[in-house]
1. In the range 145-157, what count of residues is obtained for those that are in contact (Cβ under 8 Å) with a residue 40 or more places away in the chain and either assigned by TED's automatic domain parsing to the domain that holds HIS57 or touching a strand residue (DSSP E or B) at 6+ places or on another chain (Cβ under 9 Å) (or both)?
2. Take residues that are of a type in the set (Phe, Trp, Tyr) and tell me which of the helices (runs of 4 or more DSSP H) falling wholly in the range 45-140 contain 1 or more.
3. Pairs please, first residue from the range 34-45 and acidic (Asp, Glu), second anywhere and in a helix (DSSP H, G or I), Cβ atoms under 9 Å, 6+ apart in sequence or on different chains.
4. Tell me yes or no: at least one residue of the range 329-337 is part of a helix (DSSP H, G or I), at pLDDT below 75, farther than 30 Å from HIS354 by Cα and touching a helix residue (DSSP H, G or I) at 6+ places or on another chain (Cβ under 9 Å).
5. So LEU140 clears everything in (1) free of Cβ contacts under 8 Å to residues at least 24 places away in the same chain; (2) buried (at least 19 other Cβ atoms within 10 Å of the Cβ) except one condition, right? Which one?
6. Considering (1) farther than 25 Å from LYS146 by Cβ; (2) at pLDDT 85 or above, say which one ALA87 fails and leave the rest.
7. Output the number of the condition that SER83 fails; it satisfies all remaining conditions of (1) surrounded by fewer than 14 Cβ atoms within 10 Å (Cβ to Cβ); (2) in contact with a Lys or Arg (Cβ under 6 Å, 6 or more places away or on another chain); (3) of a type outside the set (Val, Ile, Thr).
8. Quick test for you: out of GLU378, GLU374, pick the one residue that is within 60 Å of the chain's Cα centre (by Cα), in contact (Cβ under 8 Å) with a residue 60 or more places away in the chain and farther than 17 Å from GLY259 by Cα.
Amino acid sequence: MFLRKANKQENVQLEREPDLIKIELEESDCQKQIGFIGLNASDLEYIHLLYPLVNEHIAPITEVFYEKLLEQPHLRQLVTTHSSIDALKQTLKQHILEMFEGKVDAAFFAKRKRIAQTHVRIGLKTKWYIGAFHNLQLELQRMIVKHLKPGNEQFLAFCAVGKFINFEQQLVLEAYEEEERRIRLKLAKHKDTYIGQVRHTLQNIEHLIGKMEQSVHKAAVQSQSIETLTDEGKFHSARSLDASKNGQLQVDRQSGHIGHIQACIKQIEASMNELTTLSAQFEEVVAIVKQIADQTTLLSLNASIEAAQAGDYGRGFAVVADQVRKLAIKTKHSSGHVASLVSDVHAQRKLVEHSISEVVQAVEQGISSMETMETCFEQILHFGQTNEVHFGEIKSNVSQLHVSIAEQMKAVVSSAAAAIEQLAAQTANYEQSIEKKTEDEKAT
(Lines give C-alpha, C1' and ligand atoms only; values in the text may rest on other atoms or scores of the structure.)
Protein backbone atom coordinates (compact mmCIF):
# COMPACT_ATOMS: atom_id res chain seq x y z
CA MET A 1 0.00 0.00 0.00
CA PHE A 2 1.21 3.46 -0.79
CA LEU A 3 1.03 6.28 1.74
CA ARG A 4 1.59 9.95 1.01
CA LYS A 5 4.18 11.60 3.26
CA ALA A 6 5.78 15.07 2.81
CA ASN A 7 4.24 15.40 -0.66
CA LYS A 8 6.21 12.34 -1.73
CA GLN A 9 4.85 8.94 -2.53
CA GLU A 10 6.38 6.14 -0.53
CA ASN A 11 5.68 2.49 -1.08
CA VAL A 12 4.75 0.69 2.13
CA GLN A 13 4.74 -3.06 2.12
CA LEU A 14 1.69 -4.53 3.92
CA GLU A 15 2.87 -6.53 6.88
CA ARG A 16 0.36 -9.21 7.81
CA GLU A 17 -0.28 -10.11 11.42
CA PRO A 18 -2.28 -13.36 11.41
CA ASP A 19 -2.90 -13.28 15.15
CA LEU A 20 -4.49 -9.84 15.00
CA ILE A 21 -6.44 -10.11 11.75
CA LYS A 22 -9.17 -12.72 12.16
CA ILE A 23 -12.89 -13.35 11.87
CA GLU A 24 -14.38 -15.61 14.54
CA LEU A 25 -18.12 -16.01 14.01
CA GLU A 26 -20.38 -18.59 15.59
CA GLU A 27 -23.74 -17.13 14.61
CA SER A 28 -24.91 -18.04 11.14
CA ASP A 29 -26.77 -14.72 10.72
CA CYS A 30 -23.54 -12.76 11.19
CA GLN A 31 -21.78 -14.98 8.65
CA LYS A 32 -24.60 -14.29 6.22
CA GLN A 33 -24.33 -10.54 6.87
CA ILE A 34 -20.57 -10.56 6.26
CA GLY A 35 -21.04 -12.62 3.14
CA PHE A 36 -23.84 -10.34 1.97
CA ILE A 37 -21.63 -7.20 2.03
CA GLY A 38 -18.49 -9.11 0.93
CA LEU A 39 -16.42 -8.38 4.04
CA ASN A 40 -13.41 -10.72 4.18
CA ALA A 41 -10.00 -11.12 5.78
CA SER A 42 -8.36 -8.98 3.10
CA ASP A 43 -10.63 -6.12 4.04
CA LEU A 44 -9.65 -6.55 7.66
CA GLU A 45 -5.99 -6.39 6.61
CA TYR A 46 -6.60 -2.99 5.04
CA ILE A 47 -8.50 -1.93 8.14
CA HIS A 48 -5.65 -2.99 10.38
CA LEU A 49 -3.12 -1.30 8.11
CA LEU A 50 -4.98 1.98 8.57
CA TYR A 51 -4.76 1.73 12.38
CA PRO A 52 -1.61 3.93 12.72
CA LEU A 53 -3.10 6.57 10.43
CA VAL A 54 -6.40 6.56 12.33
CA ASN A 55 -4.58 6.69 15.65
CA GLU A 56 -2.64 9.71 14.41
CA HIS A 57 -5.83 11.54 13.36
CA ILE A 58 -8.19 10.22 16.06
CA ALA A 59 -8.82 13.68 17.55
CA PRO A 60 -10.32 15.34 14.43
CA ILE A 61 -12.21 12.14 13.61
CA THR A 62 -13.82 12.19 17.06
CA GLU A 63 -14.57 15.91 16.79
CA VAL A 64 -16.42 15.36 13.51
CA PHE A 65 -18.58 12.67 15.11
CA TYR A 66 -19.76 14.95 17.96
CA GLU A 67 -19.68 18.26 16.10
CA LYS A 68 -23.01 17.79 14.35
CA LEU A 69 -24.61 16.02 17.31
CA LEU A 70 -23.84 18.86 19.67
CA GLU A 71 -25.34 21.37 17.25
CA GLN A 72 -28.75 19.91 18.15
CA PRO A 73 -29.89 21.41 21.50
CA HIS A 74 -31.86 18.36 22.59
CA LEU A 75 -28.95 16.04 21.72
CA ARG A 76 -26.50 18.24 23.63
CA GLN A 77 -28.85 18.15 26.63
CA LEU A 78 -29.16 14.38 26.24
CA VAL A 79 -25.37 13.97 26.22
CA THR A 80 -24.71 16.29 29.16
CA THR A 81 -27.54 14.77 31.20
CA HIS A 82 -26.17 11.22 31.13
CA SER A 83 -22.43 11.92 30.89
CA SER A 84 -19.85 14.55 29.91
CA ILE A 85 -18.67 15.43 26.40
CA ASP A 86 -15.04 14.77 27.23
CA ALA A 87 -15.82 11.34 28.68
CA LEU A 88 -17.87 10.39 25.63
CA LYS A 89 -15.13 11.56 23.25
CA GLN A 90 -12.60 9.44 25.11
CA THR A 91 -14.90 6.42 24.88
CA LEU A 92 -15.43 7.04 21.15
CA LYS A 93 -11.67 7.25 20.54
CA GLN A 94 -11.18 3.85 22.10
CA HIS A 95 -14.12 2.46 20.17
CA ILE A 96 -12.80 3.69 16.79
CA LEU A 97 -9.31 2.37 17.46
CA GLU A 98 -10.78 -1.02 18.39
CA MET A 99 -12.61 -1.02 15.06
CA PHE A 100 -9.29 -0.75 13.20
CA GLU A 101 -7.63 -3.58 15.13
CA GLY A 102 -9.09 -5.97 12.56
CA LYS A 103 -10.72 -8.36 15.02
CA VAL A 104 -14.29 -9.57 14.61
CA ASP A 105 -14.99 -11.89 17.54
CA ALA A 106 -17.38 -12.38 20.47
CA ALA A 107 -15.93 -9.43 22.38
CA PHE A 108 -16.45 -7.23 19.28
CA PHE A 109 -20.14 -8.21 19.15
CA ALA A 110 -20.65 -7.83 22.92
CA LYS A 111 -19.25 -4.30 22.92
CA ARG A 112 -21.48 -3.21 20.02
CA LYS A 113 -24.44 -4.63 21.86
CA ARG A 114 -23.56 -2.66 25.01
CA ILE A 115 -23.20 0.53 22.95
CA ALA A 116 -26.64 0.03 21.43
CA GLN A 117 -28.17 -0.67 24.85
CA THR A 118 -26.62 2.52 26.21
CA HIS A 119 -27.95 4.57 23.28
CA VAL A 120 -31.43 3.15 23.78
CA ARG A 121 -31.27 3.75 27.52
CA ILE A 122 -30.33 7.43 27.18
CA GLY A 123 -32.82 7.94 24.33
CA LEU A 124 -30.52 8.50 21.34
CA LYS A 125 -32.54 7.75 18.21
CA THR A 126 -31.09 5.60 15.42
CA LYS A 127 -31.39 8.39 12.86
CA TRP A 128 -28.93 10.54 14.82
CA TYR A 129 -26.58 7.60 15.35
CA ILE A 130 -26.59 6.76 11.62
CA GLY A 131 -26.10 10.41 10.69
CA ALA A 132 -23.16 10.77 13.08
CA PHE A 133 -21.58 7.56 11.73
CA HIS A 134 -22.05 8.88 8.20
CA ASN A 135 -20.05 11.98 9.16
CA LEU A 136 -17.45 9.69 10.73
CA GLN A 137 -17.22 7.69 7.50
CA LEU A 138 -16.81 10.86 5.44
CA GLU A 139 -13.98 11.99 7.70
CA LEU A 140 -12.26 8.60 7.32
CA GLN A 141 -12.69 8.85 3.55
CA ARG A 142 -11.17 12.33 3.54
CA MET A 143 -8.29 10.97 5.57
CA ILE A 144 -7.80 8.12 3.06
CA VAL A 145 -7.93 10.52 0.10
CA LYS A 146 -5.44 12.80 1.78
CA HIS A 147 -2.92 10.19 2.85
CA LEU A 148 -3.25 7.31 0.38
CA LYS A 149 -2.13 7.32 -3.23
CA PRO A 150 -5.02 7.37 -5.68
CA GLY A 151 -5.59 4.12 -7.44
CA ASN A 152 -6.46 0.56 -6.65
CA GLU A 153 -5.09 0.65 -3.10
CA GLN A 154 -7.12 3.74 -2.28
CA PHE A 155 -10.23 2.15 -3.75
CA LEU A 156 -9.70 -1.04 -1.76
CA ALA A 157 -9.20 1.00 1.42
CA PHE A 158 -12.41 2.90 0.64
CA CYS A 159 -14.26 -0.39 0.14
CA ALA A 160 -12.82 -1.97 3.29
CA VAL A 161 -13.71 1.01 5.47
CA GLY A 162 -17.16 1.25 3.91
CA LYS A 163 -17.84 -2.46 4.41
CA PHE A 164 -16.59 -2.45 7.97
CA ILE A 165 -18.53 0.66 8.97
CA ASN A 166 -21.61 -0.80 7.32
CA PHE A 167 -21.13 -4.03 9.25
CA GLU A 168 -20.56 -2.00 12.43
CA GLN A 169 -23.82 -0.15 11.84
CA GLN A 170 -25.67 -3.39 11.14
CA LEU A 171 -24.50 -4.83 14.44
CA VAL A 172 -25.36 -1.71 16.40
CA LEU A 173 -28.74 -1.27 14.70
CA GLU A 174 -29.55 -4.92 15.27
CA ALA A 175 -28.65 -4.49 18.92
CA TYR A 176 -30.76 -1.31 18.86
CA GLU A 177 -33.73 -3.27 17.57
CA GLU A 178 -33.17 -6.09 20.03
CA GLU A 179 -32.98 -3.70 22.97
CA GLU A 180 -36.00 -1.74 21.78
CA ARG A 181 -37.85 -5.01 21.29
CA ARG A 182 -36.94 -6.02 24.82
CA ILE A 183 -38.10 -2.65 26.14
CA ARG A 184 -41.33 -2.84 24.13
CA LEU A 185 -41.99 -6.34 25.45
CA LYS A 186 -41.27 -5.17 28.97
CA LEU A 187 -43.46 -2.13 28.41
CA ALA A 188 -46.19 -4.29 26.91
CA LYS A 189 -45.94 -6.65 29.85
CA HIS A 190 -46.05 -3.71 32.20
CA LYS A 191 -48.98 -2.30 30.27
CA ASP A 192 -50.81 -5.64 30.38
CA THR A 193 -50.08 -5.90 34.09
CA TYR A 194 -51.26 -2.33 34.64
CA ILE A 195 -54.38 -2.86 32.57
CA GLY A 196 -55.03 -6.12 34.38
CA GLN A 197 -54.68 -4.37 37.70
CA VAL A 198 -56.93 -1.56 36.54
CA ARG A 199 -59.53 -4.03 35.30
CA HIS A 200 -59.27 -5.97 38.54
CA THR A 201 -59.68 -2.70 40.43
CA LEU A 202 -62.65 -1.79 38.26
CA GLN A 203 -64.19 -5.19 38.94
CA ASN A 204 -63.61 -4.72 42.65
CA ILE A 205 -65.15 -1.25 42.48
CA GLU A 206 -68.12 -2.61 40.54
CA HIS A 207 -68.43 -5.41 43.09
CA LEU A 208 -68.28 -2.88 45.92
CA ILE A 209 -70.84 -0.72 44.17
CA GLY A 210 -73.06 -3.78 43.81
CA LYS A 211 -72.69 -4.58 47.50
CA MET A 212 -73.24 -0.90 48.30
CA GLU A 213 -76.43 -0.90 46.25
CA GLN A 214 -77.55 -4.04 48.08
CA SER A 215 -76.76 -2.38 51.40
CA VAL A 216 -78.64 0.73 50.31
CA HIS A 217 -81.60 -1.40 49.29
CA LYS A 218 -81.44 -3.33 52.55
CA ALA A 219 -81.16 -0.10 54.54
CA ALA A 220 -84.11 1.32 52.60
CA VAL A 221 -86.16 -1.82 53.30
CA GLN A 222 -85.20 -1.70 56.97
CA SER A 223 -86.02 1.99 57.21
CA GLN A 224 -89.35 1.30 55.52
CA SER A 225 -89.97 -1.53 58.01
CA ILE A 226 -89.09 0.80 60.87
CA GLU A 227 -91.38 3.41 59.39
CA THR A 228 -94.16 0.82 59.10
CA LEU A 229 -93.62 -0.32 62.69
CA THR A 230 -93.58 3.32 63.74
CA ASP A 231 -96.90 3.87 61.98
CA GLU A 232 -98.33 0.79 63.69
CA GLY A 233 -96.96 1.94 67.04
CA LYS A 234 -98.40 5.37 66.46
CA PHE A 235 -101.76 3.80 65.51
CA HIS A 236 -101.82 1.62 68.63
CA SER A 237 -100.67 4.56 70.70
CA ALA A 238 -103.55 6.59 69.30
CA ARG A 239 -105.97 3.77 70.13
CA SER A 240 -104.50 3.53 73.63
CA LEU A 241 -104.87 7.27 73.91
CA ASP A 242 -108.52 7.06 72.85
CA ALA A 243 -109.07 4.18 75.28
CA SER A 244 -107.41 6.21 78.02
CA LYS A 245 -109.66 9.15 77.25
CA ASN A 246 -112.73 6.89 77.29
CA GLY A 247 -111.53 5.30 80.53
CA GLN A 248 -111.05 8.71 82.03
CA LEU A 249 -114.58 9.65 80.95
CA GLN A 250 -115.92 6.45 82.56
CA VAL A 251 -113.96 7.22 85.72
CA ASP A 252 -115.43 10.71 85.72
CA ARG A 253 -118.92 9.23 85.29
CA GLN A 254 -118.35 6.67 88.05
CA SER A 255 -117.02 9.44 90.23
CA GLY A 256 -120.25 11.30 89.59
CA HIS A 257 -122.33 8.21 90.40
CA ILE A 258 -120.35 7.60 93.58
CA GLY A 259 -120.79 11.23 94.51
CA HIS A 260 -124.54 10.86 94.00
CA ILE A 261 -124.51 7.67 96.09
CA GLN A 262 -122.55 9.49 98.77
CA ALA A 263 -125.16 12.27 98.78
CA CYS A 264 -127.98 9.72 99.01
CA ILE A 265 -126.20 7.99 101.89
CA LYS A 266 -125.92 11.31 103.66
CA GLN A 267 -129.67 11.82 103.16
CA ILE A 268 -130.26 8.31 104.53
CA GLU A 269 -128.08 9.12 107.51
CA ALA A 270 -130.11 12.27 108.09
CA SER A 271 -133.35 10.28 107.79
CA MET A 272 -131.96 7.67 110.18
CA ASN A 273 -131.11 10.38 112.64
CA GLU A 274 -134.68 11.69 112.34
CA LEU A 275 -135.95 8.12 112.77
CA THR A 276 -133.82 7.78 115.89
CA THR A 277 -135.38 10.95 117.25
CA LEU A 278 -138.87 9.68 116.43
CA SER A 279 -138.05 6.35 118.05
CA ALA A 280 -136.99 8.15 121.19
CA GLN A 281 -140.25 10.10 121.10
CA PHE A 282 -142.16 6.82 120.57
CA GLU A 283 -140.45 5.39 123.61
CA GLU A 284 -141.47 8.41 125.65
CA VAL A 285 -145.08 8.10 124.43
CA VAL A 286 -145.06 4.38 125.17
CA ALA A 287 -143.70 5.08 128.63
CA ILE A 288 -146.41 7.68 129.21
CA VAL A 289 -149.10 5.32 127.88
CA LYS A 290 -147.78 2.52 130.11
CA GLN A 291 -147.74 4.87 133.05
CA ILE A 292 -151.29 5.96 132.23
CA ALA A 293 -152.33 2.32 131.88
CA ASP A 294 -150.77 1.48 135.23
CA GLN A 295 -152.48 4.44 136.85
CA THR A 296 -155.75 3.54 135.11
CA THR A 297 -155.47 -0.02 136.36
CA LEU A 298 -154.86 1.27 139.85
CA LEU A 299 -157.80 3.66 139.56
CA SER A 300 -160.03 0.88 138.23
CA LEU A 301 -158.99 -1.28 141.16
CA ASN A 302 -159.78 1.49 143.60
CA ALA A 303 -163.09 2.09 141.81
CA SER A 304 -163.98 -1.58 142.06
CA ILE A 305 -163.24 -1.52 145.77
CA GLU A 306 -165.39 1.56 146.25
CA ALA A 307 -168.16 0.02 144.14
CA ALA A 308 -168.09 -3.12 146.21
CA GLN A 309 -168.38 -1.13 149.37
CA ALA A 310 -171.31 0.76 147.91
CA GLY A 311 -173.26 -2.38 147.24
CA ASP A 312 -176.08 -2.14 144.82
CA TYR A 313 -175.50 1.55 144.46
CA GLY A 314 -172.04 1.04 143.15
CA ARG A 315 -172.73 -1.86 140.78
CA GLY A 316 -172.86 0.35 137.63
CA PHE A 317 -169.72 2.08 138.68
CA ALA A 318 -168.16 -1.35 139.17
CA VAL A 319 -169.00 -2.29 135.61
CA VAL A 320 -167.38 0.90 134.33
CA ALA A 321 -164.41 0.32 136.52
CA ASP A 322 -164.11 -3.21 135.21
CA GLN A 323 -164.21 -1.95 131.62
CA VAL A 324 -161.63 0.69 132.45
CA ARG A 325 -159.51 -1.99 134.02
CA LYS A 326 -159.79 -4.15 130.92
CA LEU A 327 -158.98 -1.15 128.74
CA ALA A 328 -156.00 -0.33 130.88
CA ILE A 329 -154.81 -3.94 130.67
CA LYS A 330 -155.27 -3.89 126.93
CA THR A 331 -153.55 -0.52 126.70
CA LYS A 332 -150.69 -1.80 128.81
CA HIS A 333 -150.45 -4.86 126.64
CA SER A 334 -150.49 -2.69 123.46
CA SER A 335 -147.93 -0.32 124.89
CA GLY A 336 -145.73 -3.32 125.65
CA HIS A 337 -146.13 -4.52 122.09
CA VAL A 338 -145.39 -1.01 120.84
CA ALA A 339 -142.34 -0.93 123.09
CA SER A 340 -141.26 -4.25 121.61
CA LEU A 341 -141.73 -2.85 118.12
CA VAL A 342 -139.80 0.28 119.02
CA SER A 343 -137.04 -1.96 120.38
CA ASP A 344 -137.04 -3.89 117.10
CA VAL A 345 -136.91 -0.59 115.23
CA HIS A 346 -133.92 0.39 117.34
CA ALA A 347 -132.22 -2.91 116.55
CA GLN A 348 -132.94 -2.55 112.81
CA ARG A 349 -131.81 1.06 112.95
CA LYS A 350 -128.49 -0.05 114.42
CA LEU A 351 -128.13 -2.67 111.71
CA VAL A 352 -128.97 -0.07 109.08
CA GLU A 353 -126.51 2.35 110.64
CA HIS A 354 -123.84 -0.36 110.62
CA SER A 355 -124.63 -1.19 106.99
CA ILE A 356 -124.64 2.48 106.09
CA SER A 357 -121.31 2.86 107.84
CA GLU A 358 -119.89 -0.02 105.82
CA VAL A 359 -121.39 1.44 102.63
CA VAL A 360 -119.92 4.83 103.48
CA GLN A 361 -116.54 3.20 104.10
CA ALA A 362 -116.82 1.25 100.82
CA VAL A 363 -117.87 4.40 98.98
CA GLU A 364 -114.94 6.28 100.46
CA GLN A 365 -112.62 3.47 99.43
CA GLY A 366 -114.22 3.51 95.98
CA ILE A 367 -113.72 7.25 95.79
CA SER A 368 -110.09 6.82 96.77
CA SER A 369 -109.67 4.05 94.19
CA MET A 370 -111.40 6.15 91.56
CA GLU A 371 -109.10 9.05 92.35
CA THR A 372 -106.09 6.74 92.05
CA MET A 373 -107.51 5.30 88.84
CA GLU A 374 -108.15 8.78 87.53
CA THR A 375 -104.55 9.70 88.30
CA CYS A 376 -103.39 6.56 86.47
CA PHE A 377 -105.56 7.36 83.49
CA GLU A 378 -104.21 10.89 83.47
CA GLN A 379 -100.68 9.49 83.48
CA ILE A 380 -101.61 6.99 80.76
CA LEU A 381 -103.14 9.81 78.77
CA HIS A 382 -100.02 11.92 79.29
CA PHE A 383 -97.74 9.04 78.32
CA GLY A 384 -99.93 8.26 75.33
CA GLN A 385 -99.75 11.85 74.15
CA THR A 386 -95.99 11.87 74.72
CA ASN A 387 -95.61 8.56 72.84
CA GLU A 388 -97.69 9.89 70.00
CA VAL A 389 -95.37 12.89 69.74
CA HIS A 390 -92.32 10.62 69.95
CA PHE A 391 -93.67 8.26 67.32
CA GLY A 392 -94.26 11.24 65.09
CA GLU A 393 -90.69 12.41 65.64
CA ILE A 394 -89.36 8.87 65.04
CA LYS A 395 -91.30 8.62 61.82
CA SER A 396 -90.02 12.02 60.72
CA ASN A 397 -86.44 11.09 61.64
CA VAL A 398 -86.70 7.71 59.91
CA SER A 399 -88.08 9.39 56.81
CA GLN A 400 -85.25 11.94 56.87
CA LEU A 401 -82.74 9.13 57.50
CA HIS A 402 -84.16 7.16 54.60
CA VAL A 403 -83.91 10.18 52.31
CA SER A 404 -80.43 11.02 53.61
CA ILE A 405 -79.15 7.45 53.14
CA ALA A 406 -80.62 7.30 49.68
CA GLU A 407 -79.08 10.65 48.71
CA GLN A 408 -75.69 9.82 50.23
CA MET A 409 -75.56 6.39 48.67
CA LYS A 410 -76.68 7.85 45.37
CA ALA A 411 -73.88 10.40 45.61
CA VAL A 412 -71.35 7.70 46.53
CA VAL A 413 -72.47 5.45 43.70
CA SER A 414 -72.43 8.41 41.32
CA SER A 415 -68.92 9.38 42.47
CA ALA A 416 -67.74 5.80 42.18
CA ALA A 417 -69.25 5.52 38.71
CA ALA A 418 -67.58 8.79 37.71
CA ALA A 419 -64.29 7.53 39.15
CA ILE A 420 -64.68 4.31 37.17
CA GLU A 421 -65.39 6.24 33.99
CA GLN A 422 -62.42 8.51 34.64
CA LEU A 423 -60.19 5.53 35.39
CA ALA A 424 -61.43 3.79 32.27
CA ALA A 425 -60.75 6.94 30.23
CA GLN A 426 -57.29 7.26 31.75
CA THR A 427 -56.62 3.62 30.98
CA ALA A 428 -57.75 4.12 27.40
CA ASN A 429 -55.55 7.21 27.12
CA TYR A 430 -52.68 5.25 28.63
CA GLU A 431 -53.16 2.47 26.08
CA GLN A 432 -53.35 5.00 23.25
CA SER A 433 -50.24 6.79 24.48
CA ILE A 434 -48.36 3.49 24.72
CA GLU A 435 -49.48 2.49 21.24
CA LYS A 436 -48.61 5.94 19.87
CA LYS A 437 -45.23 5.82 21.55
CA THR A 438 -44.59 2.38 20.12
CA GLU A 439 -45.63 3.53 16.64
CA ASP A 440 -43.47 6.66 16.95
CA GLU A 441 -40.51 4.56 18.01
CA LYS A 442 -41.11 2.24 15.08
CA ALA A 443 -41.35 5.24 12.76
CA THR A 444 -38.11 6.77 14.05
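The values are calculated or read from the model by the stated rules, or taken from the named source; none is laboratory data. The structure presented is a predicted model; accordingly, all values stated were derived computationally and were not measured. For neighbour counting, all protein chains shown are included, and Cβ atoms are generated from backbone atoms with ideal geometry for every residue, glycine included.
1. 7
2. 51-56, 58-71, 106-122
3. Listed pairs, sorted by first residue: ASP43/LEU156; ASP43/CYS159; ASP43/ALA160; ASP43/VAL161; ASP43/LYS163; ASP43/PHE164; GLU45/ALA160.
4. The answer is yes, given that some residue of the range 329-337 is part of a helix (DSSP H, G or I), at pLDDT below 75, farther than 30 Å from HIS354 by Cα and touching a helix residue (DSSP H, G or I) at 6+ places or on another chain (Cβ under 9 Å).
5. It fails just one condition, (1).
6. Going through the list (1) farther than 25 Å from LYS146 by Cβ; (2) at pLDDT 85 or above, ALA87 breaks only (2).
7. Only one criterion is unmet by SER83, namely (2).
8. Working: GLU374 fails: farther than 17 Å from GLY259 by Cα.
When all the criteria are applied, what remains is GLU378.
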